[in-house]
1. What pairs come out if I take residues in region 64-86 that are modelled with pLDDT of 95 or more and pair them with residues that are in a strand (DSSP E or B) and among the charged types (D, E, K, R) whose C-beta lies under 8 Å away, six or more apart or interchain?
2. Pairs only if they're at least six apart or on different chains, beta carbon under 6 angstrom, first in region 88-114 and in the same structural domain as Ala126 (by TED's automatic domain parsing) and among the aromatic types (Phe, Trp, Tyr), second at pLDDT below 95 and not in a helix (DSSP H, G or I); list them, first residue then second.
3. Which residue is nearest to Ser109 (Cα to Cα), if the candidates are limited to region 159-186 and must be in contact (Cβ under 8 Å) with a residue 24 or more places away in the chain and not aromatic (Phe, Trp, Tyr)?
4. Could you list all residues from region 59-82 that are of a type in the set (D, E, K, R) and either crowded, with 18+ Cβ neighbours inside 10 Å or not assigned by TED's automatic domain parsing to the domain that holds Val134 (or both)?
5. Suppose we keep only residues that are of a type in the set (A, V, I, L, M) and surrounded by fewer than 23 Cβ atoms within 10 Å (Cβ to Cβ) within region 96-131. Which one would you say is nearest to Val86 (Cα to Cα)?
6. Only one residue in Val34, Val10, Val46, Val51 is within 13 Å of the chain's Cα centre (by Cα) and not polar (S, T, N, Q), so which one is that?
7. Identify all residues within region 16-43 that are buried (at least 19 other Cβ atoms within 10 Å of the Cβ) and either assigned to a loop (DSSP other than H, G, I, E, B) or not aliphatic (A, V, I, L, M) (or both); write none if there are none.
Amino acid sequence: MDYFAHETAVVDSGCKIGKGTKIWHFSHLMPNCVLGLNCNIGQNVVISPEVVLGNNVKVQNNVSIYTGVICEDDVFLGPSMVFTNVLNPRSAINRRGEYLKTIVKKGASIGANATIVCGHDIGEFAFIGAGAVVTKTVLPYALMVGNPARQLGWMSEYGHRLVFDNDGVAICPESDEKYELKNNQVQKISK
């Protein structure tokens, strides 16, 4: 094995787990999920069948990742956040064939106790605040808070709030990278 799984973790058959990945206490990886290189899966995490996590994904304690979710590289999933995979669940009605896909793009962070309603993608380097309930697609670099989540601003790739000048340019205080806001879209323009 090129990965670590705590003795209390359950890893079902068919899982593909990348080198350097760590799976901690009481977590359950269900059949045919895929985890990239150097992921960290906290305690009491459930990863459902066919979920795909890219490289360097950090999953904090008590997270549920349901079928239909794809997380690209460098995604952060905060403690006790949850994804859904059916819009109208009922105990007596089997909707397994109706799972909706949710893609969390590279570098996005989702805060503690947030809920991501299925079918709504999260853009690159977006930042979902703690406790937010995401009910619509999130733009790259967007800062989302509240229930339902609304956009409060923009974030840098280093996780700092961006303040744009009159020319629509902002500088990350940690990395000195420059960003441009144009037509309600943010992109990094230089370092």
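1. Hits for this filter: Val75/Lys58; Phe76/Lys58; Leu77/Lys58.
2. Hits for this filter: Tyr99/Asn85.
3. Selected residue: Gly159.
4. The answer is Glu72, Asp74.
5. Leu100
6. Working: Val34 fails: within 13 Å of the chain's Cα centre (by Cα); Val10 fails: within 13 Å of the chain's Cα centre (by Cα); Val46 fails: within 13 Å of the chain's Cα centre (by Cα).
Result of the check over Val34, Val10, Val46, Val51: Val51.
7. Here is the first cut: in region 16-43, the residues buried (at least 19 other Cβ atoms within 10 Å of the Cβ) are 17, 21, 23, 27, 29-30, 33, 35-36, 39, 41-42.
Correct list: Thr21, Ser27, Met30, Cys33, Gly36, Cys39, Gly42.
The values are calculated or read from the model by the stated rules, or taken from the named source; none is laboratory data. Worth saying up front: this structure is predicted, and the values here are computed from it rather than measured. Cβ: placed from backbone, ideal geometry, glycine included. Neighbour counts: every protein chain shown.
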